Amino acid sequence: MDVNLFDFELPEALIAQTPLIERTGSRLLALNKETGEIGHCRFEELADFLRPGDLLVVNDTRVIPARLYGYKSDTGAKAELLLLKALGDDRWEALAKPGKRLKRGAVLHFGDNREQPLLQAVIEEEGEMGARIIRFGYDGIFNEILDKLGEMPLPPYIKEQLTDKERYQTVYAKHEGSAAAPTAGLHFTEEFLDRLRAKGVGVAALTLHVGLGTFRPVSVETVEGHQMHAEYFELSGETADQINAARAAGGRIVAVGTTSARTLETAARICQDETGGTGPIRACSGWTDIFIYPGVPVLLVNALVTNFHLPKSTLVMLVSALAGREHVMEAYRQAVAERYRFFSFGDAMFIY
């Protein structure tokens, strides 16, 4: 399948450029995946689309201050790391800038004291697209040092300073490990979740630590040629029980964000029965590189809350697998015409 089938014009003015929009201030485009019918409303009206017995599944990952600014120990030249994945033994997968100058063996220092830097990093391996394997050296507790030196890894199109770090966390963020927020969840408040619970909508949590797999661009000509980068996930026995109970009662499984959707679809494949159908979901964890696009069956997710994504991205392809490419492209055409805000602090879409 040609990647260009998922292309569209995105005016620069629609890219969300400020993190200061209130959680409750977003718009919502509602897309019926069966009929293609499109509605325009406020995000709070999502409650009108959800029914008692539906189960909202959120990603409770927590963003770490993963962006580090430092310098090369030998030349003093500026360097930047974005931590993506903890590998154990103080080794991390990271994106490095400037990639051309940060080769294997390079030593980076972080902290104001150049004689005794708080943190040192040695580049052990080089990968594609600026990826590096880093080994850190330090005295003390790594998470405390990272909290002191690191910055929240806001997307580059966010120009304003984020004074409240919690604004780039979901209200249910719990387990640290992400290099980016699962942004569909940024729309929710505790009050809105309580309102949904009072209506009879269940809320369950899983964890997927957002890394390179979520935002790595598609650089091949055909969809099938793209390889996703593995990300760590956990789905607990409690959440599995909630999913099974909702399905048995006829409720819909509503994923909040593409990261939740990918985790649910991973679990569905782990729990397939002998006929290829989705059996009871059970607790599972591990690494997933699942790539969902039109033609790949969606086994477990019935509905999806998501933001608006980049043209030709894997996220647009996942959304198209759920609702159909033509329906999604029409929805995106209307979103552009109606000047919906795209990306992390933008507006939302509900596919049902």
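The values are calculated or read from the model by the stated rules, or taken from the named source; none is laboratory data. Since the model is a prediction, treat every value here as computed from it, not as a measurement. All Cβ positions, even for glycine, are placed from backbone atoms using ideal geometry, and neighbour counts span all protein chains on display. Keep in mind that these areas ignore ligands, DNA and RNA; they rest on the heavy atoms of the full protein, side chains included. Shrake-Rupley method; radii C 1.70, N 1.55, O 1.52, S 1.80 Å.
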Using a 1.4 Å probe on heavy atoms of the protein chains only, the accessible area for V319 in Å², nearest 10, reads 0
Taking a crude spin-label model, label points 7 Å out from Cα along the C-beta direction, the R51 to E221 distance in nm is 4.6
Per GNM of the chain with C-alpha springs under 10 angstrom, the most fluctuating residue out of G177, G39, G185 is G39
Residue separation between H175 and D289 times 0.36 nm, minus their alpha-carbon distance, gives in nm 39.0 nm
For segment 255-351, the dipole about the Cα centre with charges only on Cβ (Lys and Arg +1, Asp and Glu -1), to the nearest 20 debye, works out at 240
Per residue, accessible area of segment 212-292 with a 1.4 Å probe, heavy atoms of protein chains only, in Å², comes to 42
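How much of the accessible area of segment 260-352, probe 1.4 Å, is carbon plus sulfur, in whole percent? Before the final figure, lay out each step's value.
Working: 1620 of 3210 Å².
Answer for segment 260-352 is 51 percent, counting heavy atoms of protein chains only.
With a 1.4 Å probe and all protein chains kept in place, how do I253, I270 rank by accessible area, largest first? Walk me through the intermediate numbers first.
Values: I253 0, I270 75 Å².
Final ranking, largest accessible area leading: I270, I253.
Among the GluC sites (Glu not before Pro) within segment 111-173, which fall in a DSSP loop and have no more than 11 other Cβ atoms within 10 Å of their own Cβ? Kindly include the intermediate steps, with their values, before the conclusion.
Details: sites: E115, E124, E125, E126, E128, E144, E151, E160, E166; in loops: E115, E128, E160.
Hits after loop and neighbour filter: E115, E128, E160.
Of K33/K97; K78/K165; K33/K159; K159/K199, which ones are farther than 31 Å apart at the Cα?
Details: K33/K97 41 Å; K78/K165 24 Å; K33/K159 35 Å; K159/K199 38 Å.
Cα-Cα > 31 Å for K33/K97; K33/K159; K159/K199; rest within.
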Segment 121-150 scanned against label point 7 Å out from K165 along Cα→C-beta; backbone N under 13 Å for 143-150
If each K or R counts +1 and each D or E counts -1, the residues other than Y352 whose Cβ falls under 15 Å of its Cβ total -2
Among the Cα-Cα pairs of segment 212-261, the proportion with separation greater than 13 Å, in percent, is 71
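What number, in percent, do you get for the relative contact order of the chain if the mean sequence gap of Cα pairs under 8 Å and at least 6 apart is divided by its residue count?
Details: 752 pairs, mean separation 88.9, N = 352.
Value for the chain: 25 percent.
Hey, what number do you get for the chain at 222 nm if only DSSP H runs of n ≥ 4 count, each worth -39500 (n - 2.57), divided across all residues, to the nearest 500?
Details: 8 runs with 74 residues, N = 352.
Using -39500 (n - 2.57) per qualifying helix, the result is -6000 deg cm²/dmol.
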Once D112 and T35 are pulled to full extension, the length gained, defined as 0.36 nm per residue separation minus their Cα-Cα distance, is 21.9 nm
Mean accessible area per residue over segment 67-180 (1.4 angstrom probe, all protein chains present, square angstrom) is 57
Simple SL model, points at 7 angstrom along Cα→Cβ for V296 and D2; separation in nm is 2.2
The answer for trypsin sites (Lys or Arg not before Pro) in segment 48-110 that fall in a DSSP coil and have at most 15 neighbouring Cβ atoms within 10 Å is K100, R101, K103, R104
Within segment 266-352, DSSP-loop GluC sites (Glu not before Pro) with at most 11 other C-beta atoms within 10 Å are E274
In a Gaussian network model of the chain with springs linking alpha carbons closer than 10 Å, the residue among G99, G140, G257 that fluctuates most is G140
Whole-percent carbon and sulfur contribution to the accessible surface of segment 63-118 (1.4 Å, no ligands, DNA or RNA) stands at 45
Under the 7 Å Cα-to-Cβ spin-label approximation, R101 and M129 lie apart by a distance in nanometres of 2.4
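Using a 1.4 angstrom probe on the protein heavy atoms only, line up F188, F343 by accessible area, largest first.
Numbers: F188 0, F343 30 Å².
Descending accessible area places them as F343, F188.
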The rounded separation in angstrom of the Cα centers of segment 253-319 and segment 69-96 is 32
Expected max-MSF residue from I38, I141, I133 in the GNM of the chain (alpha carbon, under 10 Å) is I141
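How do S285, S178, S236 stack up against each other in accessible area, from largest to smallest, with a 1.4 angstrom probe? List each step's numbers first, then the result.
Numbers: S285 75, S178 0, S236 55 Å².
Largest to smallest exposure gives the sequence S285, S236, S178.
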Here the net charge surrounding A47, from other residues whose Cβ is less than 13 Å away from its Cβ (Lys, Arg +1; Asp, Glu -1), is -1
